Amino acid sequence: MDANNGYNAVADEADEINLREIVFKYLHHWKWFVLSLIIFLVLGYIYIKTTTPLYQIETDLLIKQDKNNPSAGSDDILKSLDLFSSDKVIDNEIQILKSYTLMEEVVKTLGLQVSYFQNGHARKVPLYEKLPFQAELLKATTKSYSGSLKIKVLNSREAELDGKKILFNHPIKTELGLVLITSKQIDPKFINAEIEVSFNNLSNYYQDYSKNLSITPVSKEGTVLIITYQDAIPKRGEDILNKLVDSYNNAAVKDKNKVTSSTIAFIGERLRKLAEELGTAEKDVETYKSSNRITDISAQSQVFMQSVQQNDAELSKVNIQLSILNNIKSYIHGVKTDQGKLPSMLGIDDPTLLSLVSQLSETQLKKESLLQTIPETNPIVNSINDQISALKLAINQSIQNLQSGLSVTKQQLENKNNKFQSIIEQVPSKERGLIDVMRQQDIKNTLFTFLLQKREEQEMSLASNLADSRTIDEARSTPLPVKPVKPVIMLVFFMLGLLVPFCVIYLREVLNTKITKRSDIDKLTKVPILAEIAHSDESIPLIVVEKPRSMISEQIRALRTNLQFISSEQEHKVLLFTSGTSGEGKSFVSLNLGASLAMSGKKVVILELDLRKPKLHMALQIENDKGLSNYLITHYSYSEVIKKIPQQPNYYIITSGPIPPNPAELLTNGRIESLIKDLQRDFDFVIIDAPPVGLVTDAQILGQYANATIFIVRHNYTFKSQILLIDELHKNKKFKNLNIVFNSIDYSSGSYGYGYGYGYGYGYGYGGGYYQEDKPNKRSLFSKKK
């Protein structure tokens, strides 16, 4: 349990350190965050100034429910199952309000085919009221809706277009087409002001119009619609919504008046024909009386005449009803009955049939209204088609029942008429002839009066039709713009100002392929890190000697202390220093570690075995006339090539000597092994400055003679792929006691994490660049490459 607690404490400490590193990494670049915030806040301010403010206009519309619909009872079951709720109808009305047809009517009525703008300080200002002139596109061209005209008002008669004077109220040929500019009462503020005019394509305008128009029901079960529209000019937005509602109501009334208008037209046609027939009948009576010199008829004849007339009137009424039923039956069985006008129902008193025909008419009108906004394949249209088919079947059955009853009534009236006829035959021929012609006159007259009455009733119905909606509130605008929302815009740009530098820093770290912190090494290999050495701009080769209280000197001493954990059983240790590539500071670290060991009383020798590019003798300003290359190809003893390092007692060096053409072959001739054994006998530490592993095989040849190998990794210089090479060498045991020294750490860069320092003074570590050809002077050997 205690072990687990200890592990958790270590894990929590690691997390805290990582958090500090992350925070410090971004805080180190605080200047970029400040600069980015300033830039984006300025951009946000510019965006607000250049964006046209939009006001929100709102109106409320109540859609009335049809309480007199006979089919309402049959819908109750469906409504209880929520299969045909009222919001379906509301959705249809919303689509009608958003339709292209209504928008086109609104645009043409308010003259919105033309847009007017005036240049402001930062943006174009739209104009709507009190315009100095009105432009009209008489003849369009291909460029009519893609360009604009800039018109400068000079006075009440003249203006300037593209630098040319033009006259108002005269057609003008422009690149946009033939344009008529009509002058209006000019406000003095528009004199010498330039106004930009553009013509709107209705299709494109409809897209913008639909985007700014929103229609939502107040609730799921409610029938009140909240209509909102966003416009740069409040008055224009109010006019658009008010006109939209007016056009919607007018269209609804127009649909309702279609049946009534059809009935009135039918009655008018029948009245014209009856007027001709009535005139003929009256002429026949006049002729008969004149030719037979008849002036009056007896009281008995009058009573008989009244009976006959009543019987004939009833028979005529039955015939009319049968004729109307036949017309309705023909209409029901017609091919395209959905789109034609319903026959007149005059003279039909059956309430069931009247109700069914009324339902059929309303259903067909509803279908026509829906087809203006949705395709015929829509499930709603299919549902209405099913209702129409059901109504037709019911009407057909009702007609058959009525025809059966009327046929019986007709037969009875005809039998009664035959009886009257036999009585008439007993009347003198003159009276019988007079009765016949007067009966025809009375029939036509009665029918004519009946149709006149019905026409008046239909006219009254036509005049009293109202829309099934009511405006609750007229269109009204918000006092302040709703877009752009300044606090939100500035907050967005503020967040962008923080996000952009954050993403840049993060991406730079993600895309970075070099070692920037110790955790990068820990993730890629299990090779232990023996020490960390800071970065420095100092060009002193033996910094531990000349600046023993510096931060680097302290870190070198820490490295010296950690050496006791490496092959502690060996008294005379051989240490091999190498790296992945040149410039990682292995020569600097090996040279100063040797000096630190010598300062502790140990006898140390360093071998400059980087025979291809030796740098140590140049840094120490020691002669290189004889050295390791001479020893390896001759029979010299090491005493002939070894030299003292003057800056530090007990510290010796065997320089590389003249650069040989075949260093690898020299290292395998056996002389190097005997040299190291001799040196081990006389020295406490033998330090080998070997070439980089990633370039040549010299270091691997020398690794067999070393008790420990120290691999130098340079901060923000060594590639992560080279750490994988170290891990592979460790797994394959190519080197004994392989360890890593993390060199040239720049704690002030912010990429390494939460920097720290020692009380001995701040130097900044560096690990040389001994193989850089572009830095030939001595200072460059131990100075930072930037």
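Descriptive notes on the structure:
- Reachable aspartates and glutamates from K410, criterion Cα separation under 13 angstrom, eight or more residues apart if same chain: D312, E314
- Modelled FRET efficiency - R0 45 Å, A140 with S330, Cβ distances, 0.05 increments: 0.40
- Residue separation of A394 and D349 scaled by 0.36 nm, minus their Cα-Cα distance, works out to 14.5 nm of gained length.
- With θ taken as phi - 60° and the Karplus curve 6.51 cos²θ - 1.76 cosθ + 1.60 applied, the whole-hertz 3J(HN,Hα) list for segment 583-592 is x, 9, x, 5, 5, 4, 5, 5, 5, 6 Hz, x standing for glycine and proline.
- Helical runs (DSSP H, four residues minimum) scored at -39500 (n - 2.57) apiece and divided by the length of the chain put the mean residue ellipticity at 222 nm at -17000 deg cm²/dmol.
- DSSP beta bridges fully contained in the chain are about 65 percent antiparallel.
- Only protein heavy atoms count here; under a 1.4 Å probe, S146 has an accessible surface of about 100 Å².
- Cα-based helix-to-principal-axis angle, 551-562 vs the chain, degrees rounded to 10: 70 degrees
- A dipole drawn for the chain from +1 and -1 charges on Cβ atoms has a positive end, and of S156, S550, T446 the residue lying farthest that way is S550.
- Considering only alpha-carbon pairs that sit under 8 angstrom and 6 or more positions apart, the relative contact order computed for the chain is 16 percent.
- Of Y45, S536, P663, farthest towards positive along the dipole that unit charges on Lys, Arg, Asp, Glu beta carbons give the chain: P663
- 19 Å Cα-Cα threshold exceeded, pairs from K130/K486; K124/K152; K586/K644; K256/K366: K130/K486; K586/K644
- Angle of helix 379-426 to the longest C-alpha principal axis of the chain, folded into 0 to 90 degrees and rounded to 10: 0°.
- Residues of type aspartates and glutamates that K547 reaches as a straight line, Cα spacing below 20 Å, ignoring anything fewer than 8 places off in the same chain: E532, D537, E538, D746
- Segment 92-140, Cα convex hull volume normalised per residue, Å³: 136 Å³
- The mean accessible area for residues of segment 398-523, using a 1.4 Å probe and ignoring ligands and nucleic acids, is 64 Å² per residue.
- 5 angstrom amide H check on L54, placed H, neighbours 5+ away: V482, K483
- Pairs over the 18 Å Cα-Cα cut-off, from the set K517/K720; K517/K733; K143/K164: K517/K733; K143/K164.
- Expressed as a fraction of 2.2 N^0.38 Å, the C-alpha radius of gyration for segment 122-196 is 1.07.
- Size of electric dipole in segment 640-747: Cβ of Lys, Arg +1 and of Asp, Glu -1, about Cα centre, debye, nearest 20: 180 debye
- For the set T109, T142, T373, solvent exposure ranked by accessible area (probe 1.4 Å, protein chains only) runs largest to smallest as T142, T109, T373.
- Carbon/sulfur fraction of accessible area - segment 382-541, other protein chains in place, 1.4 Å, %: 58 percent
- Along the axis of the charge dipole computed for the chain (Cβ charges of +1 for Lys and Arg, -1 for Asp and Glu, origin at the Cα centre), the listed residues S210, S744, I226 are led at the positive end by S744.
- Extension gain, E129 to K733, is 208.5 nm, computed as 0.36 nm per intervening residue step minus the present C-alpha separation.
- Angle in degrees between helix 429-464 and the longest Cα principal axis of the chain, rounded to the nearest 10: 30 degrees
- FRET efficiency, K273 to S210 (Cβ-Cβ, R0 51 Å, nearest 0.05): 0.50
- A simple charge model with +1 on the Cβ of Lys and Arg, -1 on the Cβ of Asp and Glu and nothing else charged puts the dipole of segment 427-568 at about 440 debye relative to its Cα centre.
- The magnitude of the dipole of the chain, with charges of +1 and -1 set on the Cβ of Lys/Arg and Asp/Glu and taken from the Cα centre, is near 2320 debye.
- Inter-part distance where segment 475-515 and segment 168-247 are each reduced to a Cα centre, Å: 33 Å
- Classified by the C-alpha gyration tensor, segment 546-688 has a prolate form. Its axis ratio a/c, with a ≥ b ≥ c, is 1.5 or above, and a/b is larger than b/c.
- Loop sites in segment 354-391: GluC sites (Glu not before Pro), DSSP, at most 14 other Cβ within 10 Å: E376
- Listed options for volume of the Cα convex hull per residue in Å³ are [x] 294; [y] 172; [z] 345. The value calculated from this structure is the one marked [z].
- Per residue, the accessible area of segment 693-736 comes to 45 Å² when a 1.4 Å probe rolls over the protein heavy atoms.
The values are calculated or read from the model by the stated rules, or taken from the named source; none is laboratory data. Just so it is clear, the structure is predicted and the values come from calculations on it, not from any experiment. No Cβ is skipped: glycine too gets one built from the backbone with ideal geometry, and neighbour counts run over all protein chains shown. The protein model used for the area step is the full one, side chains on, heavy atoms only, and it has no ligands, DNA or RNA in it. Shrake-Rupley method; radii C 1.70, N 1.55, O 1.52, S 1.80 Å.
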